[in-house]
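What follows is a set of notes on a single structure, which appears directly below.
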Amino acid sequence: MSLRARILKEHARKAMKNATVSPLLVTLVFILLTTVLVEVVYAFIPQATFEDLLSGNLLFLFLFVLLTLYQVVMEFGYSCWSLNVAKGQDTGIPSLLDGFGMVGRVLLMKLRITVGILARGMLLFFSYLFLIFTFASMSSFSLGMSLIVLASLVFYAALICLTLRYSLASFILYEHPEAGSLIAVHRSIELMRRHTWAMVKLYLSFWPWYLLEIVVSLAVGLIALAPTLSTLPELYASADMESLTVILDTAINGLLSSTLVAMSTLPIQLFLRPYMNVSIAAFYRTLSQHSGVQVSVDSQP
């Protein structure tokens, strides 16, 4: 059994090349049906504040919950498509809608994953806070800071490992819908036991694409904000720190929420997203075929 990133990615490239429908087209349709559709809906409804929700204006809350659940089901459909491509059984764009045929199980699986991550994540977080306060009270500042940095690295590594435990649940539920959401979640945990580092290395192997996306985002964002940023030296020279802070805050928020920046990275996402997902699906296939872990049927809805 080989879980090397190079081999999995090579399999993914071959599978994508042999797909009946271009992965770029499927991914574009997926983005249009999720991110773009949700943004369009939000653009045409009044944004509710917390006070509005308390006063009984529940339209925004209802749509928010509905769209969130819709996105969960669509994400599951994209996982279904990725697995079909990895298996050489691509059915094209209709695979994106496979989650709606088992929406109850999909949402229950997502709920169980969320609860599992939150429960264990909170335990990790409180343990982390205890260590931070303990190290911060040490008499040696340098030793205390070193231990805080070490504790932070361990904390974030533990969170990543916790999240990755559930990364195969969608594939399992799709292949074994009769087993139910609970078994899918448990088997994902079993499959990932002792293989978390292999999954981490697979994600890290895409680092050139992450770097390219960051560079493109920053370049486009800085070009778009150039007129605003050009006023910063003058404000700094005049010691107008209040205006300088406001402009910097506005520029950063604009950069993070800019549609132009999001559109500039779309070509990268159209290739990177299916490439990653099909590679992860190949990881699942390799692991499930050699693990010896069996899926048993339960009566979960």
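The values are calculated or read from the model by the stated rules, or taken from the named source; none is laboratory data. All of these numbers come straight from a predicted model, not from anything done at the bench. Quick reminder, even Gly has a Cβ in these numbers, built from the backbone with ideal geometry, and neighbours come from all protein chains shown. The protein model used for the area step is the full one, side chains on, heavy atoms only, and it has no ligands, DNA or RNA in it. Shrake-Rupley method; radii C 1.70, N 1.55, O 1.52, S 1.80 Å.
Points worth noting:
- Ordering 204-212, 76-84, 111-119, 184-192 by mean Cβ neighbour count within 10 Å, with the highest value first, yields 76-84, 184-192, 111-119, 204-212.
- If R0 is 45 Å, the Cβ-Cβ spacing of T134 and Y210 corresponds to a FRET efficiency of close to 0.85.
- Accessible surface, 1.4 Å probe, highest first, among residues K14, K9: K14, K9
- For V21, the residues 5 or more places off, or on other chains, whose built amide H falls under 5 Å of its own are G92.
- The string of couplings for the range 163-175 from the Karplus curve (6.51, -1.76, 1.60, θ = phi - 60°) is 5, 5, 4, 9, 5, 9, 4, 5, 5, 5, 5, 5, 6 Hz, one whole number per residue in order, with x for Gly and Pro.
- Within straight-line cross-link reach of K17, lysines at Cα separation under 20 Å, skipping those fewer than 8 residues along the same chain: K9, K87
- Only protein heavy atoms count here; on that basis, with a 1.4 Å probe, V215 has an accessible area of about 80 Å².
- The solvent-accessible area of H290, taken with every protein chain present and a 1.4 Å probe, is close to 110 Å².
- Taking the charge dipole of the range 80-221 about its Cα centre, with +1 at Lys and Arg Cβ atoms and -1 at Asp and Glu Cβ atoms, the residue from L107, S82, A119 reaching farthest to the positive side is A119.
- Here the peptides 275-287, 152-164 are ranked by packing, the mean other Cβ count within 10 Å, and the order with the highest first is 275-287, 152-164.
- About its Cα centre, the dipole of the range 69-150 is roughly 220 debye, where the only charges are +1 on Lys and Arg Cβ and -1 on Asp and Glu Cβ.
- Table column - 3J(HN,Hα) (Hz), the range 201-214, Karplus curve with 6.51, -1.76, 1.60, x for Gly and Pro: 5, 5, 4, 5, 5, 8, 4, x, 6, 4, 5, 4, 5, 5
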